[in-house]
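The block underneath contains the structure these notes are about, expressed in structure tokens.
The values are calculated or read from the model by the stated rules, or taken from the named source; none is laboratory data. None of the values given here were measured: they were computed from a predicted structure. All Cβ positions, glycine included, derive from the backbone under ideal geometry; neighbour counts span all protein chains shown.
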Amino acid sequence: MRIPLNFDWDFVPGFENAYLNKFPKSEKVDIPHNAVMLDYSYFDESSYQGKFSYRKTFKLEKISKTTLIEFEGIQVQFDLYLNQHFVGHYLSGYVPVKVDVSTFVKKGENEIIVAIDSHEDPLVPPFGGEVDYISGAGIYRPVYLYTYEGSYLEDQFIMASGDGFLRIQSKVKGDATPTYHLYDNGKEIASFKEDAFQVEDVHPYSLEDPHLYELRTELDGETYSHHFGFRDVKWDEKGFFLNGKKVFLRGLNRHQLYPYQVAALPSSAQKEDARFLKYELGCNVVRTSHYPQSEDFLDECDRIGLLVLDEIPGWQHIGEEKQWRDNLAYLTRAMIIKERNHPSLIAYGLRIDESGDDHELYTRIQAIKAELDPTRPSLGVRNFKDSECLEDIYAYNDFSNESLAHGLDDISSWPGAKGKGKLVSESNGHMFPTTIFDETSRRVEHALRHAKVLDDAMGQEGLGGALSWCAFDYYTHKRFGSLDHICRHGVATLDRGKKAAAYFYQSQADDVPVLYLASSMQSSDYNAALFPPAIIFTNADEVDVYQGENLIGTFLPDRKNYPHLPHPPVVIDDWIGKRFDEPKISAKDQKTIIKGLNFSAQKGFNHLPFGLKIKMGLLMAKYHYSFTDVYNLYGKYINHWGSQGDDFTFVAKKGGQEVRRIKSGSSLEGHYEVSLSQKRLVNKDTFDTTFLQIQKKDHYGRLCHHAFDAFEVEVSGPIRLLGPKYLHLEGGHLGIYVASKEVKKESRASVIIKGNGFEEELEIIVA
Ligand code: GAL
């Protein structure tokens, strides 16, 4: 029997032996718990590194043959006490710890005390050097108690290949033998005792159709359930293949860090992140950089068909100490056992991110994988090209893009990768940190740099895929990131707001019609009041652009500069087009004038190339135009600083049919839009969360990137705000999580958002 132990814990900072006899006056908390709430930025990174104590009492009606307690994740190490006995010292960090406490439990009331130590122990990976991310503190993933009366399943490894062949390795404690029941779409399709089974007419697991089967294992009166998928993963010099079909892996790296709450969010928030990566960022793969992540996150990746590359905990540093290396071996073993049943997992990341070569250590790590899972390949991420590659896949962090002119180096320049599968595991990131409130040109360039890298990647024969750095901005140590302890490397913010680059990624997939205008349509937003080409991210075939009622033209994806992307950006570099209506100018001369005006919009009159300047001069003479006439022509068809032109309309079409339409121009007003990701919170194994988003949009529905308005968020009823109640927009966006409290019966709660002249109440049901 599995009993969740996630509500009603006592928590105090610090630990003293005296707590075992009398736990001090404490705060009541629920798990997942973050021991120290951080500020949104500019926090003290020593604040969460230290000792913290948790206490929980629970009742057992009887003593079972076996009682286990499992902690899915505690930062970083802990001492466990049960009924005042010291049970042991354990290392968790990013992997679960399951302990047999049968000899310590008693009938009736039991007391667990967990004394955690979250300091960055230099003998534990990822620590020992300076790390570009923070780990946080607390019992930050769920806790379970398991009781068994007889034999029980300690562990199970399900190997299912694309031809329908199923092999099961069950590790049973005791003498009973398991019976397996195979379910498809909730219906039992087979029952057997052997550890191998052939499924006829198998329904394979693919990206388009991530079909899951369920294996129920019966053993001594207990049923254990696992979802899995039948698929083949192959990775060689030709690329990556899923079920024999070549797939280009397009993705982003994810840190598990959230605003205020650090890593301590339960299932709903973890699953929302997986869906965000797939549907809002168009990824088909995610790398769980740089450590094993939540099982809820991985379960959702399985369910929606988002492929996963995992990774052992680390960051550049390899410890020389025996204990550091033994700890890495331990954590590798624990990660593989935790993650090997996930069909979405296509390779293990078995090298410390960007570490140097270490033959002895990585041979040992590879041997662990060979023992625990011969079915999947391994990859190793490095930042140099001639590394010794003991893994199946040579993964390289390519930060060679210093401008829009260059995306990636050629994979033929990686000598160490010869004969191996190849992957670009990172790019961009610190090369061009960008906030959601940066000026338009920077946000657009940020997005185009991602486009350039992905285009270069997709043009390289034999490259299995490319993942950029990274999905979300993240909390980091003071030596990295901006001075505020945030690495603003994400295509979305720490509080899950989409930057322009996010829409670029979303436009590469075909799940939903995307039409996003990255540029601003107001010349005063650009240096010297110029009007640079507008950049549109869309997965449509073409975009019609109108000013007012007049069609400027139909613009196609820019295949010249981005020949390899499924959906290149659309570049609007002609603001006049079909609108030019000056009958006295001949058709041939019109072309030159339009060219001259468009060029001036992009670079300024003073920068016209010599040839074009001469031609324009001659035409001015021919048609008796003064400079003021030309200037007025520019104002009429393009825009002067401060002049108010008609709105622009962009109509995206696919197969000749309109799929989306947006408008833009000078903003007239701002209004707030508030939303919750879910309105019904259900406490199950843990508390539940909903994501509250407040945005300021202009009258075209576009985010007000320069809005910083303040709010007070009050909650009433059985919910709590996971962060401070006084908040403000950053670049027009604000996101925060709201958690449910334990309830006896279905109850109502509400979130009241108060701003300057604004108040809105959102109702939530908690069950
Ligand atoms: C890489 C590293 C990442 C992150 C990134 C920033 O070198 O692997 O963890 O620090 O740089 O661009």
Mind checking whether some residue in segment 546-567 is surrounded by 15 or more Cβ atoms within 10 Å (Cβ to Cβ), among the acidic types (D, E) and in contact with a Pro (Cβ under 8 Å, 6 or more places away or on another chain)? yes
Strands (runs of 3 or more DSSP E) wholly inside segment 158-264 containing at least 1 residues that are in contact with a Pro (Cβ under 6 Å, 6 or more places away or on another chain): 165-173, 213-219, 222-228, 233-236
With the requirement that a residue be buried (at least 18 other Cβ atoms within 10 Å of the Cβ) and small (G, A, S), what does segment 94-148 give you? A115, S118, G128, S135, G136, A137, G138
Residue that is under 30 Å from V262 (Cα atoms), at pLDDT below 95 and either within 14 Å of the ligand (Cβ to nearest atom) or buried (at least 21 other Cβ atoms within 10 Å of the Cβ) (or both), where the choices are G497, G481: G481
Among the residues of segment 275-295, is any over 19 Å from V233 (Cβ atoms), in contact with a Cys (Cβ under 8 Å, 6 or more places away or on another chain) and either within 16 Å of the ligand (Cβ to nearest atom) or of a type in the set (A, V, I, L, M) (or both)? yes
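Only one residue in L249, L219 is touching a residue at least 40 places away in the same chain (Cβ under 8 Å), hydrophobic (A, V, I, L, M, F, W, C), away from the ligand (no atom under 16 Å from the Cβ) and more than 21 Å from D299 (Cα to Cα). Which one?
Working: L249 fails: more than 21 Å from D299 (Cα to Cα).
None of the other options fit; the residue is L219.
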When S441 is evaluated against the numbered criteria (1) within 16 Å of the ligand (Cβ to nearest atom); (2) not in a strand (DSSP E or B), which criterion, by number, is the only one it fails? (1)
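Please verify whether Q261 is surrounded by fewer than 24 Cβ atoms within 10 Å (Cβ to Cβ), within 16 Å of the ligand (Cβ to nearest atom) and touching a residue at least 60 places away in the same chain (Cβ under 8 Å), treating the condition exactly as stated.
Details: surrounded by fewer than 24 Cβ atoms within 10 Å (Cβ to Cβ): yes; within 16 Å of the ligand (Cβ to nearest atom): no; touching a residue at least 60 places away in the same chain (Cβ under 8 Å): yes.
Spelling it out, it is not the case that Q261 is surrounded by fewer than 24 Cβ atoms within 10 Å (Cβ to Cβ), within 16 Å of the ligand (Cβ to nearest atom) and touching a residue at least 60 places away in the same chain (Cβ under 8 Å).
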Filter result for E311 (within 16 Å of the ligand (Cβ to nearest atom), more than 23 Å from Y90 (Cβ to Cβ) and part of a loop (DSSP other than H, G, I, E, B)): no
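Quick grid of which residues meet (1) aromatic (F, W, Y); (2) surrounded by fewer than 21 Cβ atoms within 10 Å (Cβ to Cβ); (3) assigned to a loop (DSSP other than H, G, I, E, B):
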position: D357; (1), (2), (3): no, yes, yes
position: L361; (1), (2), (3): no, yes, no
position: Q366; (1), (2), (3): no, yes, no
position: L379; (1), (2), (3): no, no, no
position: K385; (1), (2), (3): no, yes, yes
position: E391; (1), (2), (3): no, no, yes
position: L404; (1), (2), (3): no, yes, yes
position: G407; (1), (2), (3): no, no, yes
position: S412; (1), (2), (3): no, yes, no
Give me the pairs, please: first residue somewhere in segment 193-206 and at positive phi, second residue anywhere and modelled with pLDDT of 95 or more and surrounded by 12 or more Cβ atoms within 10 Å (Cβ to Cβ), beta-carbon distance under 8 Å, and either six or more positions apart or on two chains. D201/G164
Of all residues making up segment 7-49, the number that are of a type in the set (A, V, I, L, M, F, W, C), over 15 Å from G136 (Cα atoms) and surrounded by 15 or more Cβ atoms within 10 Å (Cβ to Cβ): 8
Scan segment 369-390 for residues that are away from the ligand (no atom under 16 Å from the Cβ) and over 22 Å from F157 (Cα atoms) and jot them down. D386, E388, C389, L390
Taking segment 397-436 and keeping residues within 11 Å of the ligand (Cβ to nearest atom) and in contact with a strand residue (DSSP E or B) (Cβ under 6 Å, 6 or more places away or on another chain) leaves N397, D398, S425, E426, S427, N428, G429
Taking S468 as meeting all but one of (1) surrounded by fewer than 24 Cβ atoms within 10 Å (Cβ to Cβ); (2) within 11 Å of the ligand (Cβ to nearest atom); (3) in a strand (DSSP E or B); (4) not basic (K, R), write down the number of the exception. (1)
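For Q293, state whether it is assigned to a helix (DSSP H, G or I) and touching a residue at least 12 places away in the same chain (Cβ under 8 Å).
Numbers: assigned to a helix (DSSP H, G or I): no; touching a residue at least 12 places away in the same chain (Cβ under 8 Å): yes.
When the stated conditions are applied, Q293 does not pass them.
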Which pairs have Cβ atoms under 7 Å, sit 6 or more apart or on different chains, and link a residue in segment 154-177 that is aromatic (F, W, Y) to one that is surrounded by fewer than 17 Cβ atoms within 10 Å (Cβ to Cβ)? F157/Q169; F165/Q198
List the residue pairs whose Cβ atoms are under 7 Å apart, where the first residue sits in segment 420-432 and is more than 7 Å from A395 (Cα to Cα) and part of a strand (DSSP E or B), the second is among the polar types (S, T, N, Q) and more than 8 Å from the ligand (Cβ to nearest atom), and the two are 6 or more positions apart or on different chains. E426/S468; N428/N401; N428/S468
Among (1) more than 15 Å from the ligand (Cβ to nearest atom); (2) outside any helix (DSSP H, G or I); (3) among the β-branched types (V, I, T) - the single one I318 does not satisfy: (1)
Output the residues belonging to segment 675-695 that are over 22 Å from K741 (Cβ atoms) and surrounded by 22 or more Cβ atoms within 10 Å (Cβ to Cβ). I694
Cβ contacts < 6 Å: first residue over 15 Å from V491 (Cα atoms), restricted to segment 452-476; second residue within 13 Å of the ligand (Cβ to nearest atom) and outside any strand (DSSP E or B), any location; separation 6+ or different chain. Result? T476/D132; T476/Y133
